[in-house]
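*Asks:* I'd like to ask some things about the structure below.
The values are calculated or read from the model by the stated rules, or taken from the named source; none is laboratory data. These figures come from a predicted structure and were not determined experimentally. Every residue, glycine among them, receives a Cβ derived from its backbone with ideal geometry; neighbour counts consider all protein chains shown. The area values use the complete protein model at the heavy-atom level, side chains included, leaving out ligands, DNA and RNA. Shrake-Rupley method; radii C 1.70, N 1.55, O 1.52, S 1.80 Å.
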Amino acid sequence: MGLGGCYSCIKYVMFAFNLIFWLVGCALLGVGIWALVDKTFSDKFDNPELSSFLQTMAIAMCVVGGIIMLVGFCGCCGAIKESQCMLTIFFIFLTIFFVALVGVGIWGLVNKESLQDLISDSLAASIAKYDTDSAAKSYMNGIQSSFNCCGNKFGIADYVFAGSNPTTAGCTIETADMPCSTEIFKAFEDNLVMVAAITIGVGVVMLLGMIFSMMLCCAIRDSQAV
């Protein structure tokens, strides 16, 4: 016996939601694979630690993307086929994702200073090779142009301390005393509210998905008992 009334509506909402979920998983998997296959991606960053971190993030994106595709598939099939088993699997995975989302949020707040140190180390390594390495020069010029900043922690003085030529550093009079590590982290903090809002929004969607999947499970069980 099929579902009727509001449960039928929830079923198709669940299907549409999980189709989007599956497409997001495809996108994450695609970007992760591209970042791993394209060797020039990590070569753009002159700091080995940062390159290693980005490679790890790319692998994580592949794993997460694959899991999201699996969860989306279970949700779509579970909703449209009215399968309690698939909806239960979907609920379990969504619960794990929700707990992981909260954990990553807490980790990000606790390790905020470590991220700033990582950015600073990357900038310092590029400044030291600014005159001898075209990749380092291109990286610093891109950073300084994007964030209207100069150097690492002390502005144009960082080039002097590193033994590089400050006259070719690509800094302007306006940005000479605006350190890039400070400006980058400031931009991060300025967008923290937006990131928090998106995270909360994703969390709410996950909670709704968990509630709807359980509602459908109960409705399917009741309809089969009739």
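*Asks:* When the range 92-107 is examined, which residues are found to be open to solvent by less than 60 Å² (accessible area, probe 1.4 Å) and farther than 22 Å from ALA196 by Cβ?
*Replies:* Passing the criteria: only PHE93.
*Asks:* Would you point out which residue out of ALA176, ALA136 is out of contact with any strand residue (DSSP E or B) (no Cβ under 8 Å at 6 or more places or on another chain) and more than 30 Å from GLY105 (Cα to Cα)? Break it down into steps so the answer makes sense when it comes.
*Replies:* On the way: ALA176 fails: out of contact with any strand residue (DSSP E or B) (no Cβ under 8 Å at 6 or more places or on another chain).
The conditions single out ALA136.
*Asks:* Further question: For residues that are out of contact with any Pro (no Cβ under 9 Å at 6 or more places or on another chain), β-branched (Val, Ile, Thr) and open to solvent by 50 Å² or more (accessible area, probe 1.4 Å), tally how many sit in the range 139-168.
*Replies:* Pass one, the range 139-168, residues out of contact with any Pro (no Cβ under 9 Å at 6 or more places or on another chain): 139-148, 161-168.
Next cut, β-branched (Val, Ile, Thr) only: 143, 167-168.
Narrowing the set further to residues that are open to solvent by 50 Å² or more (accessible area, probe 1.4 Å) leaves 167-168.
The total comes to 2.
*Asks:* Also, I was wondering about something else. So which residues in the range 209-226 are under 21 Å from ALA16 (Cβ atoms) and in contact (Cβ under 8 Å) with a residue 60 or more places away in the chain?
*Replies:* Once the filter is applied, which keeps residues that are under 21 Å from ALA16 (Cβ atoms) and in contact (Cβ under 8 Å) with a residue 60 or more places away in the chain, the range 209-226 yields GLY209, MET210, PHE212, SER213, MET214, MET215, LEU216, CYS217, ALA219, ILE220.
*Asks:* Something else now. Report every pair of residues separated by at least 6 positions or lying on different chains whose Cβ atoms are under 7 Å apart, first residue within the range 111-123 and among the basic types (Lys, Arg) and at pLDDT 75 or above, second open to solvent by 60 Å² or more (accessible area, probe 1.4 Å) and not in a helix (DSSP H, G or I).
*Replies:* Hits for this filter: zero, empty list.
*Asks:* Select, from ALA176, ALA187, ALA136, the only residue that is open to solvent by less than 70 Å² (accessible area, probe 1.4 Å), more than 19 Å from GLN116 (Cβ to Cβ) and in contact with a Phe, Trp or Tyr (Cβ under 8 Å, 6 or more places away or on another chain). If you could, list the steps in order and put the result at the bottom.
*Replies:* Numbers: ALA176 fails: in contact with a Phe, Trp or Tyr (Cβ under 8 Å, 6 or more places away or on another chain); ALA187 fails: more than 19 Å from GLN116 (Cβ to Cβ).
When all the criteria are applied, what remains is ALA136.
Results for (1) within 30 Å of SER120 (Cβ to Cβ); (2) open to solvent by less than 20 Å² (accessible area, probe 1.4 Å); (3) among the small types (Gly, Ala, Ser); (4) not in a helix (DSSP H, G or I), shown as yes or no for each residue.
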site	(1), (2), (3), (4)
ALA60	yes, no, yes, no
CYS74	no, yes, no, no
CYS77	no, no, no, no
LEU87	no, yes, no, no
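*Asks:* Would you be able to say whether some residue in the range 160-170 is within 24 Å of LEU115 (Cβ to Cβ) and more than 24 Å from the chain's Cα centre (by Cα)?
*Replies:* From the range 160-170, those within 24 Å of LEU115 (Cβ to Cβ) are 161-162; that's our starting set.
Applying the additional criterion that residues be more than 24 Å from the chain's Cα centre (by Cα) yields 161-162.
The answer is yes; a qualifying residue exists.
*Asks:* Residue under question is ALA100, and the condition is that it be touching a residue at least 12 places away in the same chain (Cβ under 8 Å) and assigned to a helix (DSSP H, G or I); does it hold? Talk me through it step by step, then tell me what you get.
*Replies:* Working: touching a residue at least 12 places away in the same chain (Cβ under 8 Å): no; assigned to a helix (DSSP H, G or I): yes.
Against the criterion (touching a residue at least 12 places away in the same chain (Cβ under 8 Å) and assigned to a helix (DSSP H, G or I)), ALA100 does not qualify.
*Asks:* Residues that are modelled with pLDDT of 85 or more, hydroxyl-bearing (Ser, Thr, Tyr) and either in a helix (DSSP H, G or I) or closer than 30 Å to GLY105 by Cβ (or both): does the range 158-170 have at least one?
*Replies:* Looking for residues that are modelled with pLDDT of 85 or more, hydroxyl-bearing (Ser, Thr, Tyr) and either in a helix (DSSP H, G or I) or closer than 30 Å to GLY105 by Cβ (or both), one finds at least one in the range 158-170, hence yes.
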